[in-house]
Amino acid sequence: MKTNFTPFDNVDLKFCIAIFSAILLITGILKKIWEIRKLPPGPWGYPFIGHLTLLGTNPAETFSKMAIQYGDIFFIRMGKWPTIVLNSKEAIDEALTKMPEIFSDRPKFYFNNAINKMKGLVFGEYSQRLRLHRKIATGVLQEFATSKSAPTEYLVRKESDILIQTWMQSQDYEFNPIHDIEMAVAAVIYQLLFGSNINCHSDQTFIDMVKNLKTVNEGASAGNFVNMLPWIRFIMPSKVKQLLERLELNKKFAEKCINESLPSYDKNHERGMVDGLITAANKYAEKEVHRDGITRGQIYSTIRDFIGAGIDTTSTTLQWTILLLSIHTNVQEKMQHEIDDILGGRRATLQDQGRLPYVEATILEVMRHGTIAPLNIPHSTSSDVKLRNYEIKKGTVVFCNIYGIFKDQNIWTDPNTFRPERFLSKNNTIIHERADIIATQFGVGRRRCIGDTLSKRELFLFITSIYQALKTNLRSDPSYGRIINLNCKPTPYKIQVNPRY
Ligand code: HEM
């Protein structure tokens, strides 16, 4: 007799589904636990937002405290992004120096993508194209800003003189020096871009450039939020739109520079870095797209990178210098003695770099104390990788906690004291092992800053020129704070100046 009986007839279908789902869930949880066991240690976070609420106003400082508990490599989640934080120079070297092919990418953050679809220089993904882009940009910087024939020394002197004159006119008053510092540093980069014979202070394009730069920086904190929690852009669409418009302004500015320079471009008489980039575009992207994938537009976008990465960084370091030297007038006086002794009244030249150890030590100590890029620019892993015994997944965000290194008591003993002498040996020479730690301020590995030589030259010449001519005194509360945005600035302050002669 034929029956319709099957072995499953007695088993409730719902029960089967429940058992199956439970097995899936338990396997999923076990797999997660197994993966977590292989990750660096770290605190538990919340769903969706991860550890964002822990970070506070100074994330790098929070990371340094967490490193005491979790060690020099720990794991957190920044919103949707798995993240490792490297808290010692050794940990940074193990990752970025020893495995550069894997640790040189940039995170695919919302705004990194919005800037040139990650095909630019500073926020571009690590690839053959990026290596060529870096080579082109480095070549242009070397030729027009750091070569022997480059006008950098002349330009910094010229802009220092304008700055000193402006401040002398206010010598009976207290004033906030930040705007003048920004204009002076911006003017140097602007003239390196377009040619040193430009009177940029009355040039509307220059004024627009400084304005653009400010608007992008002002919108940066909203940008950080959207980078970490991309869904937040649906909650605050107007902020995102505003920032995208600001970035677009920067793009339009770079395009305008090229369009204005192209008609008068002469390959035999290049005026500055913009002409250098036009030459590079003609060489590398003659067929519109080079075999390494770079386009003319991407080469031209280097103008935005030089402006974005080269002005605010150097200007912020100078803002910290003036603040710290106006508080620590004893350091200022020691620097002035050295300047008088070695230079004997003449102007400093680039040949004097290395001949004024106290000035150099002061610049290093300003960089340490101010720590203008506390977490550098975030990196990202381009494939799964083993770091120590931890298994790090592709696409993990990598933060280098430079602030933690610069405030590490095991390295500096009294890290919160401003004391340039810590960089000087008994023979009054720079202690190179210590200076090397400060060099991490410019990044480590294949994405290291390409403008470090230029910025060190600018800082040396600006600082010696200003303090050769003037004394500065603080006229506001010396307990300054930090404004952490794209980089770390001191809270606004006021100074008063006196001529030295
Ligand atoms: C005190 C001044 C400066 C500081 C502290 C500084 C710091 C940095 C840092 C931390 C990075 C990221 C490194 C990394 O990802 O590992 C960087 C990248 C970069 N910097 Fe600077 N910078 C300064 C001045 C300049 C100047 C003057 C220029 C050019 C005019 C410049 C151009 C760049 C460029 C193009 C990159 C991107 C490199 C890449 O992603 O491959 N920087 N800088």
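General remarks:
- Distance between the C-alpha centres of segment 241-275 and segment 333-384: 31 Å, rounded to the whole angstrom.
- With q set to 0.21 Å⁻¹, the log10 of I(q)/I(0) for segment 385-501, from the Debye formula over equal scatterers at the Cα positions, is -1.56.
- Distance violations [Cα-Cα > 23 Å] among Lys214/Lys252; Lys211/Lys489; Lys211/Lys239; Lys98/Lys386; Lys89/Lys135; Lys117/Lys267: Lys89/Lys135; Lys117/Lys267
- Among 118-128, 233-243, the peptide with the highest mean count of other Cβ atoms within 10 Å heads the list, and the full ranking is 118-128, 233-243.
- The chain: relative contact order in percent, alpha carbon pairs under 8 Å with at least 6 residues between: 23
- Cα-centred dipole magnitude for the chain, charges only on beta-carbon of K, R (+1) and D, E (-1), debye, nearest 20: 1500
- Ranking of Glu101, Glu458, Glu365 by count of other Cβ atoms within 10 Å, fewest first: Glu101, Glu365, Glu458
- Burial order of peptide ranges 108-116, 271-279 (average beta-carbon count within 10 Å, highest first): 271-279, 108-116
- Packing rank of 42-52, 85-95, 332-342, where each peptide gets the mean count of other beta carbons within 10 Å, highest leading: 85-95, 332-342, 42-52
- Listed by chain and number, the aspartates and glutamates whose C-alpha is less than 18 Å from the C-alpha of Lys426, apart from same-chain residues fewer than 8 away, are Glu338, Glu360, Glu365.
- Taking a span of 30 Å or more along the helix axis (Cα atoms) and a mean Kyte-Doolittle hydropathy of at least 0.0 as the rule, the DSSP H helices of the chain that qualify are 13-38.
- At R0 = 41 Å, FRET efficiency that the Cβ-Cβ distance of Lys158 and Lys80 yields, to 0.05: 0.25
- In loop segments of segment 136-204 as defined by DSSP, the GluC sites (Glu not before Pro) with at most 16 further C-beta atoms inside 10 Å of their C-beta are Glu174.
- Whole-Å distance, taken between Cα centres, linking segment 62-98 and segment 410-449: 21
- Under 5 Å from the amide H of Arg482 lie the amide H atoms of Thr491, each residue being 5 or more positions distant or on a separate chain, with H modelled from the backbone and absent for Pro and chain starts.
- When each of Arg447, Arg129 is scored by the number of other beta-carbon atoms lying within 10 Å, the sequence from fewest to most is Arg129, Arg447.
- Here the calculated FRET efficiency for Glu260 and His337, from their Cβ-Cβ distance with R0 = 41 Å, stands at 0.30, rounded to the nearest 0.05.
- Between Leu350 and Glu174, the C-beta separation translates, for a Förster distance of 25 Å, into a calculated FRET efficiency of about 0.15.
- Fully extended contour minus Cα-Cα distance, from Lys108 to Asn282, at 0.36 nm per residue: 59.6 nm
- In the chain, the calculated helix contribution to ellipticity at 222 nm averages -16000 deg cm²/dmol per residue, counting -39,500 (n - 2.57) for every DSSP H run with n ≥ 4.
- Neighbourhood charge, 12 Å Cβ-Cβ cut-off, centred on Val188 and excluding it, Lys, Arg +1 and Asp, Glu -1: -1
- Computed from the alpha carbon atoms alone, the convex hull of the chain holds 197 Å³ per residue.
- Ascending count of other beta-carbon atoms within 10 Å, so fewest first, for Ile294, Ile483: Ile483, Ile294
- Comparing Cα centroids, segment 461-491 and segment 291-327 end up 19 angstrom apart.
- Considering only the chain, percent of DSSP beta bridges that pair antiparallel, nearest 5: 85
- Here the gap between Thr215 and Asn498, fully extended at 0.36 nm per residue and compared with their Cα-Cα distance, gives a gain of 98.6 nm.
No lab work stands behind these numbers, since they all come straight from the coordinates. Since we're looking at a predicted model, the values are computed, not measured. Neighbour counts run over all protein chains shown; Cβ positions are idealised from the backbone, glycine included.
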